[in-house]
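One structure is given here, and the rest of the page talks about it.
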Amino acid sequence: MFRGVSFHTIDPKGRIIIPSRFRDTIRTAGESLLMITRMDGCLYAYTFEEWRQIENRVLAMAEQGENMRRFRRVFIGGAFECPLDKQGRVLIPPVLRQYAKLEKEIALVGVLNHFEIWDQAEWEEENRLMEEALQTEDARTDVARLGL
């Protein structure tokens with residue numbers, strides 16, 4: 001499972017260092033490859049096994065409406081296989097870097113079955129929005145259902 005936040009930089013070639021605790025999770029799955037796609041203004045990175053499960057769930061869905069077709073087109077169609085190099089880095093394709101506005105300072109955020117790659121300023125804004133949302137009763141109720 002991916003947990004925690006790490007702050008790094010993206011190098012001029014578009015490579016990022018994957019934190020060692022994330023690399024351990026990837027290698028525990030017997031892999032050295034990530035599937036990276038886009039969503040919510042950031043990048044989602046999955047182990048290949050987790051990605052296969054997502055693809056299987058998408059294929060099994062009976063719903064083939066317009067929204068699902070669009071989702072498949074962007075989320076699945078926009079995914080890239082990104083191998084880890086010997087230094088524990090991964091090259092982020094230019095189209096994904098552009099989508100997520102990755103230029104220098106980044107945050108890698110563990111979200112259990114995947115991790116997200118954020119521009120650091122965008123990550124700080126996401127945190128601000130979460131704090132703002134937690135001022136609403138609906139959000140507090142949702143969190144309370146977790147027993148927190």
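Quick check on my filter: what residues within segment 118-137 are among the acidic types (Asp, Glu) and under 19 Å from ASP40 (Cβ atoms)? Reasoning before the result, please.
Filtering segment 118-137 down to residues among the acidic types (Asp, Glu) leaves 119, 122, 124-126, 131-132, 137.
Matches in segment 118-137: ASP119, GLU122, GLU124, GLU125, GLU126, GLU131, GLU132.
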**Message:** So for segment 57-72 (the condition being among the aliphatic types (A, V, I, L, M) and either surrounded by 15 or more Cβ atoms within 10 Å (Cβ to Cβ) or within 21 Å of GLY4 (Cα to Cα) (or both)), does at least one residue qualify?
**Reply:** no
**Item:** Members of segment 100-125 that are crowded, with 18+ Cβ neighbours inside 10 Å and not β-branched (Val, Ile, Thr)
**Value:** ALA100, LEU102, ALA107, LEU108, GLY110, HIS114, PHE115, GLU116, TRP118, ASP119, TRP123
**Prompt:** Which condition number does LYS86 fail, the rest of (1) in a loop (DSSP other than H, G, I, E, B); (2) in contact (Cβ under 8 Å) with a residue 24 or more places away in the chain; (3) within 22 Å of THR25 (Cβ to Cβ) being met?
**Reply:** (2)
**Asked** Scanning segment 28-55 for residues that are hydrophobic (A, V, I, L, M, F, W, C) and within 12 Å of the chain's Cα centre (by Cα), which turns out surrounded by the fewest Cβ atoms within 10 Å (Cβ to Cβ)?
**Response** MET39
**Asked** So which pairs qualify, if the first residue must be in segment 1-15 and farther than 15 Å from ASP85 by Cα, the second must be part of a loop (DSSP other than H, G, I, E, B) and not β-branched (Val, Ile, Thr), the Cβ gap must be under 6 Å, and the two must be at least 6 apart or on different chains?
**Response** SER6/PRO19; THR9/LYS104
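Select from segment 89-132 the residues that are small (Gly, Ala, Ser) and part of a helix (DSSP H, G or I) and write down the one among them that is nearest to the chain's Cα centre (by Cα). I'd like the intermediate steps shown before the answer.
If we filter segment 89-132 for residues that are small (Gly, Ala, Ser), which is where we start, we get 100, 107, 110, 121.
Subset that is part of a helix (DSSP H, G or I): 100, 121.
On the way: ALA100: 11, ALA121: 16 Å.
Here the residue is ALA100.
Read-outs throughout are calculated quantities, based only on the coordinates presented, and are distinct from any laboratory measurement. In this text, all values refer to a predicted model and were calculated from it rather than measured experimentally. In this analysis, Cβ positions are derived from the backbone assuming ideal geometry, glycine residues included, and neighbour counts consider all displayed protein chains.
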